[in-house]
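Undergrad: What follows is a structure written as structure tokens; I'll ask about it next.
The values are calculated or read from the model by the stated rules, or taken from the named source; none is laboratory data. It should be emphasised that the depicted structure is a prediction, and the values quoted were computed from it without experimental measurement. Counting neighbours? That spans all protein chains shown, and the Cβs are built from the backbone with ideal geometry, glycine included. Just the protein is used for accessible areas: all its heavy atoms, side chains included, with ligands, DNA and RNA removed. Shrake-Rupley method; radii C 1.70, N 1.55, O 1.52, S 1.80 Å.
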Amino acid sequence: QVQLVESGGGLVQAGGSLTLSCATSGRTFSTYAAGWFRQATGKEREFVATISASGTATFYADSVRGRFTISRYNAKNTVYLHMFSLQPEDTAVYYCAATSGLATSSRGAYDYWGQGTQVTVSS
């Protein structure tokens, strides 16, 4: 069982930056790939970024590539999402997820989810 707890969300002006953290429990977290998804009001949850268990492979949605960076520190069982040049369209609840399979953009492949953290970008 893997439990995920996101933090770091908040209100930021357009052009600003935020770093989200996802703290996990479980001594086997280093064997799980992780991902970040987001859900804006009235929209479906969408893929943002994913990272392999080792941290050597990453993949991003087109909408955030070049502005967001996903990373992980397995010794601290934590995954991060560094967000730069934030825009109002980035406003959403951001969710961390973990999968025992390979890193993927497929929402259905993830076994465990956090409760989410709100990110609001003002114009």
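Undergrad: Checking Asp62 against (1) surrounded by 16 or more Cβ atoms within 10 Å (Cβ to Cβ); (2) without any contact (Cβ under 8 Å) to a residue 40 or more places away in the chain; (3) not aliphatic (A, V, I, L, M), which test does it fail?
TA: Failed condition: (1).
Undergrad: Here are some conditions: (1) out of contact with any Leu (no Cβ under 9 Å at 6 or more places or on another chain); (2) part of a loop (DSSP other than H, G, I, E, B); (3) open to solvent by 50 Å² or more (accessible area, probe 1.4 Å). Ala75 meets all but one. Which one does it not meet?
TA: (2)
Undergrad: In region 13-56, how many are assigned to a strand (DSSP E or B) and buried (at least 17 other Cβ atoms within 10 Å of the Cβ)? Break it down stepwise before answering.
TA: Of the residues in region 13-56, the ones assigned to a strand (DSSP E or B) are 13, 18-24, 33-39, 46-51.
So of that shortlist, the ones also buried (at least 17 other Cβ atoms within 10 Å of the Cβ) come out as 18, 20-22, 24, 33-38, 47-51.
The qualifying residues number 16.
Undergrad: Separate question: What pairs come up if the first residue lies in region 105-120 and is open to solvent by less than 80 Å² (accessible area, probe 1.4 Å) and aliphatic (A, V, I, L, M), the second is at pLDDT below 95 and assigned to a loop (DSSP other than H, G, I, E, B), and their beta carbons are under 6 Å apart, counting only those six or more places apart or on different chains?
TA: These pairs meet every condition: Ala109/Gly101.
Undergrad: Moving on to the next point. Determine whether region 89-96 contains at least one residue that is over 20 Å from Asp62 (Cα atoms) and open to solvent by 40 Å² or more (accessible area, probe 1.4 Å). Spell out the reasoning first.
TA: First pass over region 89-96, keeping only residues over 20 Å from Asp62 (Cα atoms): none.
No, because not a single residue in region 89-96 is over 20 Å from Asp62 (Cα atoms) and open to solvent by 40 Å² or more (accessible area, probe 1.4 Å).
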